[in-house]
Amino acid sequence: MSNNLSNFPGEHRIFVDANIFLHHAFDSNEISVAFLKRIEQGAVKACTSVLVLEEVFLKLMLQYASNFIEAITVKKLKRYLLNDKRRSEIFVPLRQYQNFITVLKSSGLLIIEVKGHDMDTALQLAERWGIATADALHLAVMERRNVTHLASDDTDFERIREITLWRPQQ
């Protein structure tokens, strides 16, 4: 079960998953966009991890590169990035989104590092709940930092009893 993200009260810290940032970056979900605006205004105490941001920027890179590369793959992207001019085309929108992340950080968004022992916990959680290791690593970081609220549109988190899931439901 999940709650509507637009109803998140804000008095507890909430971990923000990659899909919330991607909804914002592609303007594909008004609830996610409004939620990040609340973080920007300092009305919500939020955190995320370096792993989440890596996922966001890789997906942004692949999406923007698809404007220049037919049937994009990571291998084709790597080849494309070897050309200085082409590379700069891809990184302009990434730098713009990094500026937005910097604004969120200045408004209180906490970026949590991933530690080596988080992977041990993540493997246990992945096996216990039947979820992908990246999702389990988010849970491990949350557990280490005592964060029990999660902003995500990933329904796999609905079965995790130890957290409260807040989804951007239209």
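The values are calculated or read from the model by the stated rules, or taken from the named source; none is laboratory data. Model, not experiment: these values are computed from the prediction. Counting neighbours? That spans all protein chains shown, and the Cβs are built from the backbone with ideal geometry, glycine included.
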In region 21-35, is there at least one residue being in a helix (DSSP H, G or I), hydrophobic (A, V, I, L, M, F, W, C) and in contact with a Pro (Cβ under 6 Å, 6 or more places away or on another chain)? yes
Return the residue satisfying two criteria in turn: it lies in region 69-107 and is out of contact with any helix residue (DSSP H, G or I) (no Cβ under 7 Å at 6 or more places or on another chain) and part of a loop (DSSP other than H, G, I, E, B), and of such residues it is modelled with the lowest pLDDT. N83
Select from region 38-56 the residues that are touching a residue at least 40 places away in the same chain (Cβ under 8 Å) and not hydrophobic (A, V, I, L, M, F, W, C) and write down the one among them that is farthest from K105 (Cα to Cα). E55
With E54, E30 as the choices, which residue is modelled with pLDDT of 95 or more, surrounded by fewer than 16 Cβ atoms within 10 Å (Cβ to Cβ) and in contact with a His (Cβ under 9 Å, 6 or more places away or on another chain)? E30
Residue pairs qualifying under the 7 Å Cβ cut-off, at least six apart or on distinct chains, with the first in region 156-169 being under 14 Å from N4 (Cα atoms) and at pLDDT 95 or above and the second being of a type in the set (V, I, T) and assigned to a helix (DSSP H, G or I), are P168/I20; P168/I31
Just checking, how many residues over region 138-153 are closer than 16 Å to V114 by Cβ, over 12 Å from the mean Cα position of the chain (by Cα) and not in a loop (DSSP other than H, G, I, E, B)? 6
For V147, all conditions in the list (1) farther than 27 Å from V33 by Cα; (2) in contact with a Cys (Cβ under 8 Å, 6 or more places away or on another chain) hold save one; what is the number of the exception? (1)
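I'd like to check something: does region 4-25 contain any residue that is of a type in the set (D, E, K, R), at positive phi and exposed (fewer than 13 other Cβ atoms within 10 Å of the Cβ)?
For region 4-25, residues of a type in the set (D, E, K, R), at positive phi and exposed (fewer than 13 other Cβ atoms within 10 Å of the Cβ): absent.
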Determine which single condition A43 fails, assuming it passes every other condition in (1) surrounded by fewer than 16 Cβ atoms within 10 Å (Cβ to Cβ); (2) modelled with pLDDT under 95. (2)
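Inspect region 57-72 for any residue being in contact (Cβ under 8 Å) with a residue 40 or more places away in the chain and surrounded by 17 or more Cβ atoms within 10 Å (Cβ to Cβ) and give the result as yes or no.
So in region 57-72, the residues in contact (Cβ under 8 Å) with a residue 40 or more places away in the chain come out as 57, 59.
With the extra rule that they be surrounded by 17 or more Cβ atoms within 10 Å (Cβ to Cβ), the set shrinks to 57.
Within region 57-72, one or more residues are in contact (Cβ under 8 Å) with a residue 40 or more places away in the chain and surrounded by 17 or more Cβ atoms within 10 Å (Cβ to Cβ).
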Under 6 Å between Cβ atoms, at least 6 apart or on separate chains: pull out the pairs that start in region 20-37 with a residue that is more than 17 Å from V52 (Cα to Cα) and end on any residue that is part of a loop (DSSP other than H, G, I, E, B). N29/P168; I31/P168
Of the residues in region 121-152, those that are charged (D, E, K, R), farther than 21 Å from K59 by Cα and touching a helix residue (DSSP H, G or I) at 6+ places or on another chain (Cβ under 8 Å) come to E143, R144
